[in-house]
Ligand SMILES: [Zn+2]
Ligand SMILES: [Zn+2]
């Protein structure tokens, strides 16, 4: 397992049959779900390629058991300055909270598909590559007190869709907030608002870094090592301005084809981020998710952002007709413009443009 990091549910139940674990055996399903909830286990997602619906999960990843280091040529050959952009989550102090990288890797596995490269699955100790879509891969790797995030395009860094970069960044920030919040709530009574890391952008050679705060205030930045010039506009790819997200006057709304599709996780995330928290109570009955919403908000009383996303992803998993049409119908009943869905879909539209 230390090579593949993969285990089956039944294997784990077998392990728990040993004498030392007897006590937990009666609660095996509950404990199993807790391990998933804590991002210690992650489902190996598989989809039916024709219908797009999710297949039953047989295998689970256990990233913290993977000890092998990345020795593939992916970083040298694919993740190059010509094809990739990079940002770093730099942790204050000199160390990253120990279990955080593995839990982040688990979270990536639960959102995206693990990449295969030259016949190998790209999951190693402190290193993972997942496919976002046909054109974009996402690399997360740990280096000292930094977690590096790369977005790699199949042909050129200049073709990276800003919505994808911004969406992946937001997704990882939300996930790390969730994980750090868990750590803090176990250590301190009071919830500390400040995040334990800051974001830094890399130079176009992917080596030098400037803090996000400084980058957004400085007009021109020349990096130390390579003397490359960067301007404020260079960071726009990571920060799509959400205020500009509006349909033009002639927008007809989503096509029937688009309405019949299920939202991807990133689309649900965008939807949940932009949806008024106070209106979730109205939305969930239309999606027949009232009970689940009650359970989830009990689990996340302080974190409505996470609760909103979780209830939607649960909806997508549970309901047969969890497509854009169902969302549009619910919005219409609530007197909310369905054009918010056009914005949610923008990522997909950009993808088909290639
Ligand atoms: Zn540089
Ligand atoms: Zn529209």
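Here, each number is a calculation from the coordinates, and none is a lab measurement. In this text, all values refer to a predicted model and were calculated from it rather than measured experimentally. Cβ coordinates were reconstructed from backbone atoms using ideal geometry, including for glycine residues, and neighbour counts include every protein chain displayed.
With a simple spin-label model that places each label point 7 Å from the Cα along the Cα-to-Cβ direction, the separation between residue 219 and residue 295 comes to 5.7 nm. With neighbour counts taken as other beta-carbon atoms within 10 Å, the residues 221, 112 rank, fewest first, as 221, 112. Relative to its Kirkwood radius, the Cα radius of gyration of the stretch 67-186 gives an Rg/Rh of 0.95. Taking 0.36 nm per residue of separation and subtracting the current Cα-Cα distance, fully stretching the chain between residue 234 and residue 131 would add 34.7 nm.
If eta is 1.306 mPa s and T is 10 °C, what Stokes-Einstein diffusion coefficient results for the stretch 131-177, Kirkwood Rh from Cα pairs, in µm²/s? Don't skip to the end; give the middle numbers.
Working: Rh = 11.3 Å.
Translational D for this selection: 140 µm²/s.
In terms of other Cβ atoms within 10 Å, 121, 92 run from fewest to most in the order 92, 121. Spatial offset of the stretch 287-317 relative to the stretch 120-172 amounts to 27 Å, using the alpha carbon center of each. In the chain, the DSSP-assigned H stretches of four residues or longer account for a calculated mean residue ellipticity at 222 nm of -11000 deg cm²/dmol, using -39500 (n - 2.57) per stretch and the full residue count as denominator.
Could you work out the relative contact order of the chain? I mean the mean sequence separation of Cα pairs under 8 Å and 6+ apart, divided by the number of residues, in percent. All intermediate terms of the calculation are to be shown ahead of the outcome.
Working: 482 pairs, mean separation 47.0, N = 354.
After rounding, I find 13 percent.
As a proxy for reagent exposure, ranking 24, 6, 304 by other Cβ atoms within 10 Å from fewest up yields 24, 304, 6. Simple spin-label estimate for residue 55 and residue 260 gives 2.3 nm between the two label positions (7 Å along the Cα-to-Cβ direction from each Cα).
Projected onto its three principal axes, the C-alpha set of the chain covers 62, 54, 46 Å, listed from the longest axis down.
Using a Förster distance of 25 Å, how high is the FRET efficiency between residue 92 and residue 65, based on the Cβ-Cβ distance and rounded to 0.05? In this case the efficiency is close to 0.30.
Once both labels are positioned 7 Å from their Cα atoms along Cα-to-Cβ, the gap between residue 248 and residue 116 label points is 4.2 nm.
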